[in-house]
1. Considering all projection directions equally, how large on average is the shadow of the alpha-carbon convex hull of segment 73-188, in square nanometres?
2. Can you give the charge dipole size of the chain about its Cα centre, rounded to the nearest 20 debye, using +1 on the beta carbon of Lys and Arg and -1 on the beta carbon of Asp and Glu?
3. Return P(r) of segment 185-226 (all Cα-Cα pairs; 10 Å bins starting at 0; whole %; ordered from short to long distances).
4. How high is the relative contact order of segment 94-204, in percent, counting Cα pairs under 8 Å that sit 6 or more residues apart?
5. With every protein chain kept in the model, how would you rank T137, T216, T87 by accessible area, 1.4 Å probe, largest at the top?
6. Post the alpha-carbon centroid distance, segment 30-53 to segment 127-177, in whole angstrom.
7. What's the angle, to the nearest 10 degrees (0 to 90), between helix 45-55's Cα axis and the longest principal axis of the chain?
8. Quote to one decimal, in nm, the extra length available between E72 and L242 on full extension: 0.36 nm per residue of separation minus the C-alpha distance between them.
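The values are calculated or read from the model by the stated rules, or taken from the named source; none is laboratory data. Quick caveat, the model's predicted, so the values are computed rather than measured. Here the Cβ positions follow ideal geometry from the backbone for every residue, glycine too, while neighbour counts run over all protein chains shown. Note: areas computed on protein heavy atoms with side chains; ligands, DNA, RNA excluded. Shrake-Rupley method; radii C 1.70, N 1.55, O 1.52, S 1.80 Å.
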Amino acid sequence: GVGHDNIDAAAAAERGIPVCNVPDYGVDEVADHAIGMLIALNRGFLRAERQLRHRLQPWDRHAIGPTFRLSEANLGIIGCGRIGSATALRARALKMQILIHDPYLRPGMEKIVDGTRVSLDELLAHSDVVSIHTPLTEETKGLIDASALRKMRSHALLINTSRGAVVDTDAVADALIRGEIGGAAIDVLAIEPPHAELKLIQLWQDPDLCANLLITPHTAYYSGSAMDEIRRKGAEEVARVLRGESPLNCVNHP
């Protein structure tokens, strides 16, 4: 797939083994998923549906909780590669303003998505929604921890469709309980399937404790077309190597 953090690429390189990924499949699916989570959290779809199904009250705007107008909101994108850019373009269609933090983004690339480059601290402080699209590296592991969450606005929404270990989920659970952030939507966890005793899972399973928490089972990438694409492109990469050609997406060049 896209991520290759589960392979010791350096050890493979020492043995002359190319490690390749398929970085450009599922881009639309993950971007759609992130935007879908954003809208679901902000518009209170799940909060209302969960509560009203059993007791039909309150049958008015109080069922969805606080919300804000997306056309007046800032979306902070952490990691503006293929998926981050696709998410930003979709958000621009919603008239959101785009803030970008990506220290490896080439100068001027932010202009393609009509965004503004900022530091991570600035992004956290000024975003109404923070959406994470980074790979998992030593630099990004635990990037969104308790300290980072305290820098976010109290109504802000956190969305993670990248890698589970980028976010400290215990810290997210604590922030939700204390009302330090407005909601969270998580598609990826550090351990999957998750343990039932994980604090975030326990919070999610009790909607009376936190109605504005959405968790999906690592499905952001999925569609029939995406599965066809990854299999075809993976096979094509193997065929190139067997023909003695250079692979297109080798992640461990010496």
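1. Values: hull surface 25.1 nm².
Hull-based average projected area comes out at 6.3 nm².
2. For this selection, approximately 680 debye.
3. Using 10 Å bins, I get a P(r) of 26, 49, 20, 5 for segment 185-226.
4. Working: 169 pairs, mean separation 23.8, N = 111.
Worked out over segment 94-204, it gives 21 percent.
5. Of T137, T216, T87, the descending order of accessible area is T137, T216, T87.
6. Cα centres, segment 30-53 to segment 127-177: 18 Å.
7. Roughly 50 degrees between the two axes.
8. Separation in residues times 0.36 nm, less the Cα-Cα distance, equals 55.9 nm.
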